[in-house]
Each structure stands twice: as C-alpha cells, then as structure tokens.
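Take a look at the structure below.
The values are calculated or read from the model by the stated rules, or taken from the named source; none is laboratory data. In this text, all values refer to a predicted model and were calculated from it rather than measured experimentally. Cβ placement follows ideal geometry from the backbone for every residue including glycine, while neighbour counts extend to all protein chains displayed. These area figures cover heavy atoms from the full protein model, side chains too; ligands, DNA and RNA do not enter into them. Shrake-Rupley method; radii C 1.70, N 1.55, O 1.52, S 1.80 Å.
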Number of protein chains: 2
Amino acid sequence: MTNRVRRTMPILPISIVMQLTDLTARQIRYYEEQKLISPARTNGNKRMFSLNDVDALIEIKDYLEQGLNVAGIRKLHETKETPRNDQAEPKTLSDAELRSLLREEMKHQARPFDKAFQRQGDLSRFFK
Amino acid sequence: MTNRVRRTMPILPISIVMQLTDLTARQIRYYEEQKLISPARTNGNKRMFSLNDVDALIEIKDYLEQGLNVAGIRKLHETKETPRNDQAEPKTLSDAELRSLLREEMKHQARPFDKAFQRQGDLSRFFK
DNA sequence: AAAATCATGTAAGAAAATCTAACATCAGTT
DNA sequence: AACTGATGTTAGATTTTCTTACATGATTTT
C-alpha cells in the first residue's frame, strides 16, 4: 500500500515532468484535456504529477510514436483498465494522512548522515 | 549509478518538500543558509530538491528535536561526510545525455498499459 | 538584568512558473 | 479544397517562490 502511496502522490511540477518525459507543456495539457491523465492540482490550480502520471505519459508518447492516435490510446486505456472500486472506494485517507505516512516511512529508511548528505554531483546538472 | 542519479536528481519544489518534511519554507531556507543542504536551482533561481535533500531535512529536523543546534549538526555532517572525489570527477555526460539516459531507462521498464495506468512498479525506485 | 544569539515568523516587492483561452500551423483525411 | 488532429505560440492573469529586512521568544553570555 505504501507503494501505491508513493507512486500516486502528486509531487512533481509540470516543468520536471517535461524534462522526464521530453514532452512539451502543451502536449501534457492536451493529453489531460483528452482524458489520458488526470494530474492533481494545488490549491492555486497548478498541476502536480505523480510518478504514475509520468509512467503514463511515457507510454502515451510511445504509443503516439508508434502511430496510434489519442482516441486509440484512450480506448486502450479504458479497455485494459482494471475496473477497480476507485470511485466507490471510500476515501479513508486524507491528504495530510498520506503525507504523514510517507514521511514516517522515509524517516525509518533514513540512512546515516554520510549518505544522506552525500553530494549531488550528477543530475543536479539538470539545472544550473 | 542510476540509483545515485535518482536520489540526487532535483525534482521537488519547495512546497512539496514542506509537505514531506513538515518544515516551513523559512526553516528549509535557513538550513540551506547554514550550509546543511544545497538544493539545486532552476534557471529562474527556484530551489529544486532531490530525495537526498528530503532525507537530509528529515534528519536535520530530528536532530534539532533532539536538542542539537545547527552548528552541531553541521559539524556532524562535516565529520561524517565521506570525502569523495566529487569535484575531481570528470564531467563526461552532458545534460541532454543524462536526460536521455533516464528516459531510456524508464521506457525499458515500462510495462503494459493496464499496469502502467493503474499500479506502481518501476518508478517507485525513486523512493527508497 | 541587559545584551547578544539562535531559530523561526512575517511582510513587502520582485521575478519566475504555471494557468486558460485563443488563434496559428501543418500533416493527413475526407 | 475543406476538415481534423496534434502541437506551437502568444497574451494576460494568477500562483509560487525568491530575497531582504525586521520582529519575536527562548537561551546564553556578559
């Protein structure tokens, strides 16, 4: 379950998702408009994406490159989607609870200082 | 290496880090000012945090709650820090190369639609 | 006790990131 | 030639984040 929490938690702004997927903001918003993804929103209406969203976008891109169109991808999605008790599911966890849950977990997995503080040499070059 | 990439890649805006750590923006910026963390910056000068940063912040918070002060935590950090060849490391990969690397990896681990659209899996490696 | 220090709060003004809406483009289709 | 689908571009508004400066309460130092 914590795994689901991690992957569904909205933590990424659109700028990062653009980098991760190599899609433009326009494309990402369009796919949302076309109901291929449903990113969360901040109180201020900014989109915030989960890791699942990123996965989905990468697949969408892949399918498009293979020649499928948006309608086809949506159909695929609808069809293959396991009809789970999503909407019926009584939302038992509040956002705050989920966050706290994740925090607790990270805390327990916290590693010794040397590691935690280890230099960010690599991908910090994504920005400069 | 990819693991290090994932944990050091700056992907989180300060608002999300606040939620994940239960710290205020003021606190987070202060700890940076005090050299306890060094989050990356976007071209527009916005802080962007890695998972390692979040780990570090959680530890900092913990130490503070245990009565340590910032100077003590910094000392601890300096002392325990593994003196690696960080700055000496020849930067062989361009930004574009790194992005492409990460994307490729995500792509290859992408799973069939049904899975990708509903459940976690691959990207949860971003955590832990 | 007064002064200094530490960790944090708060406010102001500026800049960056994101939003929606509208119109443009360009390759395929009809 | 007109239409459609996917994406580009631009404009104006709103949100988010930034830095700087000053305020505050709790300790520590003088």
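Enumerate the amide H contacts of B:Ala40 below 5 Å, restricted to partners 5 or more residues apart or on another chain; note that Pro and chain-start residues carry no placed amide H.
For B:Ala40, the qualifying residues are B:Met48, B:Ser50.
In square angstrom, what is the accessible area per residue of the stretch A:1-68 with a 1.4 angstrom probe?
46
Counting only other chains, and only Cβ atoms inside 10 Å, what mean value do you get across the residues of A:30-39?
If you average over the peptide's residues, the count of other-chain Cβ atoms is 0.
Could you derive backbone 3J(HN,Hα) for the stretch B:58-74 from the dihedral phi with the Karplus parameters 6.51, -1.76 and 1.60 (θ = phi - 60°), listing whole Hz in sequence and x where the residue is Gly or Pro?
Each residue of the stretch B:58-74 in turn: 5, 5, 4, 4, 4, 4, 4, 5, 7, x, 5, 10, 4, 4, x, 5, 5 Hz.
Could you order the peptides A:46-56, A:8-18 from most to least packed, using the average number of other C-beta atoms within 10 Å per residue? Intermediate results must be reported in sequence, preceding the final value.
Numbers: A:46-56: 23.0, A:8-18: 20.4.
Taking the mean over residues of other Cβ atoms within 10 Å, the ranking is A:46-56, A:8-18.
How crowded by other chains is B:53-62, given as the mean number of beta carbons from other chains within 10 Å of each beta carbon? Numbers along the way, then the final one.
Working: counts 3, 6, 10, 6, 2, 7, 7, 3, 2, 2.
Taking the mean over all residues of the peptide, I get 5.
Round to a whole angstrom and tell me the spacing of the C-alpha centers of the stretch B:45-74 and the stretch A:28-57.
30
Between chains B and A, what is the buried accessible area summed over both chains (1.4 Å probe, protein heavy atoms, nearest 100 Å²)?
About 6000 Å² of accessible surface is lost on pairing.
Sort shortest first the distances from A:Ala25 to its counterpart in every other copy, using label points 7 Å along the Cα-to-beta-carbon line, and give them in nm.
1.8
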